[in-house]
Amino acid sequence: MTIALRTQRLVLDDAGAADVDALLAVALSNPAFLATHEGSEGEPGRYDRSMLERDLAMADLDPLRHTLALRRHDGEVVGWADVLDEHPRDGVPWIGLLELRADVHRQGLGREAAQALADWYAGQGVARLRVGVDDGNEPAAAFWRSLGYRPVDRRERPSPQGRLGVDVLELALGGGLLTGDAS
Ligand SMILES: CC(C)(COP(=O)(O)OP(=O)(O)OC[C@H]1O[C@@H](n2cnc3c(N)ncnc32)[C@H](O)[C@@H]1OP(=O)(O)O)[C@@H](O)C(=O)NCCC(=O)NCCS
């Protein structure tokens, strides 16, 4: 299944080789977040073009996973999202990543993208959508809370900085909170 969504200011569609430089700029613009996800040679946050290309290639191998570029209508890539149709542990779709370039934070673009994804899954007849928020990522916790996501579970994951606690948040779909205009 291919996901291609249009919102008021964004298009969300498959990230490809031509997007690598722009996606690297997104990843490097949020260094604290990057350090909780990526690293090499014992250095949390160390991330480069070849690592990103490898991540895109890995995602491509999984038919249930979609790595999407978030493009303005003029084509500029301002963020990315990684979504999974079915998490292997709970069978529920997950937003594995949603990241906007730091210079465009707090303009409502993250909300627009997240609502488009929730609307799309709701349209597939899915009842709930999940996301994991690492302990310490307060802006993300506030963001998902503002969209109606509520905690349903606690997990832990390994990270380049050691083990991290994760809040599993869930949005009940079709509950009237979603106002995106995904098409
Ligand atoms: C979290 C993230 C995706 C939010 O995207 P965004 O486009 O900046 O957020 P929006 O402008 O759409 O914010 C929508 C609402 O979320 C809440 N919110 C967003 N950022 C917030 C912050 N830093 N502090 C408090 N509340 C915040 C607010 O309620 C906001 O509404 P308001 O601006 O009208 O008050 C973005 O900050 C990001 O890319 N962060 C780095 C990566 C990351 O942590 N991703 C989430 C992984 S779980």
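Quick note: the coordinates plus some simple rules give every number you see, no bench work behind them. Please read all numbers here as calculations on a predicted model, not as lab measurements. Counting neighbours? That spans all protein chains shown, and the Cβs are built from the backbone with ideal geometry, glycine included.
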Taking into account only those residues within segment 93-144 that are surrounded by fewer than 17 Cβ atoms within 10 Å (Cβ to Cβ) and of a type in the set (S, T, N, Q), which is nearest to residue 172 (Cα to Cα)?
124
Quick check on my filter: what residues within segment 67-90 are in contact (Cβ under 8 Å) with a residue 12 or more places away in the chain and out of contact with any strand residue (DSSP E or B) (no Cβ under 9 Å at 6 or more places or on another chain)?
76
Could you tell me whether segment 114-126 includes any residue that is under 27 Å from residue 61 (Cβ atoms), within 11 Å of the ligand (Cβ to nearest atom) and touching a residue at least 24 places away in the same chain (Cβ under 8 Å)?
yes
Considering segment 127-147, residues that are in a loop (DSSP other than H, G, I, E, B) and away from the ligand (no atom under 11 Å from the Cβ), and then whichever is nearest to residue 38 (Cα to Cα), we arrive at 135
Some residue of segment 40-63 being farther than 27 Å from residue 1 by Cα, within 17 Å of the chain's Cα centre (by Cα) and surrounded by 19 or more Cβ atoms within 10 Å (Cβ to Cβ):
no
Within segment 22-51, of all residues that are assigned to a helix (DSSP H, G or I) and out of contact with any strand residue (DSSP E or B) (no Cβ under 9 Å at 6 or more places or on another chain), the one nearest to residue 165 (Cα to Cα) is 32
Members of segment 91-112 found to be within 18 Å of residue 30 (Cα to Cα), in a helix (DSSP H, G or I) and under 16 Å from the mean Cα position of the chain (by Cα), listed by number
102, 104, 109, 110, 111
For segment 3-18, does any single residue satisfy the condition of being crowded, with 18+ Cβ neighbours inside 10 Å, in a helix (DSSP H, G or I) and out of contact with any Phe, Trp or Tyr (no Cβ under 8 Å at 6 or more places or on another chain)?
no
Please determine, by comparing only the residues of segment 24-70 that are of a type in the set (Ser, Thr, Tyr) and under 22 Å from residue 14 (Cβ atoms), which one is nearest to the ligand (Cβ to nearest atom).
29
Which one is farthest from residue 12 (Cα to Cα), of the residues in segment 91-103 that are touching a residue at least 12 places away in the same chain (Cβ under 8 Å) and more than 7 Å from the ligand (Cβ to nearest atom)?
92
Segment 71-90, subset in a loop (DSSP other than H, G, I, E, B) and closer than 15 Å to residue 171 by Cβ, residue nearest to the ligand (Cβ to nearest atom)
87
